[in-house]
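The values are calculated or read from the model by the stated rules, or taken from the named source; none is laboratory data. Here the structure is a predicted model, which means the values were calculated and not measured. As a convention, Cβ positions derive from the backbone with ideal geometry for all residues, glycine included, and neighbour counts pool all protein chains shown. Remember, those area values only see protein heavy atoms, side chains included, never the ligands or the DNA or RNA. Shrake-Rupley method; radii C 1.70, N 1.55, O 1.52, S 1.80 Å.
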Amino acid sequence: MAPGSYPYPLVRLSQPAQMPPGTHAQPTTQGGGSGDLPVGLAFGRDDKAASTQGAKINSSSSSNIIGWLKRKNDPITPEHFIENSDFWPVVVKVLEKHAHEDPELKAQAVFQKDGWINIADRRNPPPLGRTGDPDDIFGFVLVVKKIIQPETFQSNTVHRPVTRDGLFQLPKYLHGKLLDALAQH
């Protein structure tokens, strides 16, 4: 997959996004065009969806907003992205609750001796049998007798939602669980 591409529906909100108070990065307003205003990113199906399930996002603190781009047409890169601090805790809770159910991780656990396995970000998957970059590891789960133990997820505090390789990418099963969780917020 090419850097910056994304396998799941991603929405650049059509309305200028309000960034939370105290955000250190200020939007550029040169030229006065709509491309110069900050824009929120959310999972969705089209520009009108504006959220994971089609409900409008009105709040700058909504946990459905992944983060903001400083300008509407900016690429999703670290220098243009401002993380929404309300979003990432939802991702962590999904991983804590459902990582042991993920079919891809369960298949990986079959080949693992007892110990911890990484949950790698799909935006930059490591070569087979190798450990990924720290920025690209969501966290770790405990494997005992080839089975992922429930409620053992440990978050990796150096994982970054956006790197030069683009926006984070969960395994398909966990992405679905994230959408379910966001629909309830």
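Assorted remarks:
- The range 51-75 - residue that is among the hydrophobic types (A, V, I, L, M, F, W, C) and buried (at least 19 other Cβ atoms within 10 Å of the Cβ) and, of those, modelled with the lowest pLDDT: Ile57
- Among residues of the range 132-180, those that are open to solvent by 20 Å² or more (accessible area, probe 1.4 Å) and of a type in the set (Gly, Ala, Ser), counted: 2
- Qualifying residue in the range 93-111 (condition: at pLDDT below 90, open to solvent by 20 Å² or more (accessible area, probe 1.4 Å) and out of contact with any Phe, Trp or Tyr (no Cβ under 8 Å at 6 or more places or on another chain)): no
- Test result for Gln184, surrounded by fewer than 16 Cβ atoms within 10 Å (Cβ to Cβ), within 22 Å of Trp68 (Cα to Cα) and of a type in the set (S, T, N, Q): yes
- Scan the range 34-50 for residues that are open to solvent by less than 60 Å² (accessible area, probe 1.4 Å), in a loop (DSSP other than H, G, I, E, B) and either within 18 Å of His175 (Cα to Cα) or modelled with pLDDT of 70 or more (or both) and the total you get is 3.
- Screening Leu178 with (1) out of contact with any Asp or Glu (no Cβ under 7 Å at 6 or more places or on another chain); (2) closer than 21 Å to Ala107 by Cβ; (3) modelled with pLDDT of 95 or more gives one miss only, at (3).
- Helices (runs of 4 or more DSSP H) enclosed by the range 80-185 - at least 2 residues per element that are touching a helix residue (DSSP H, G or I) at 6+ places or on another chain (Cβ under 8 Å) and hydrophobic (A, V, I, L, M, F, W, C): 88-98, 172-183
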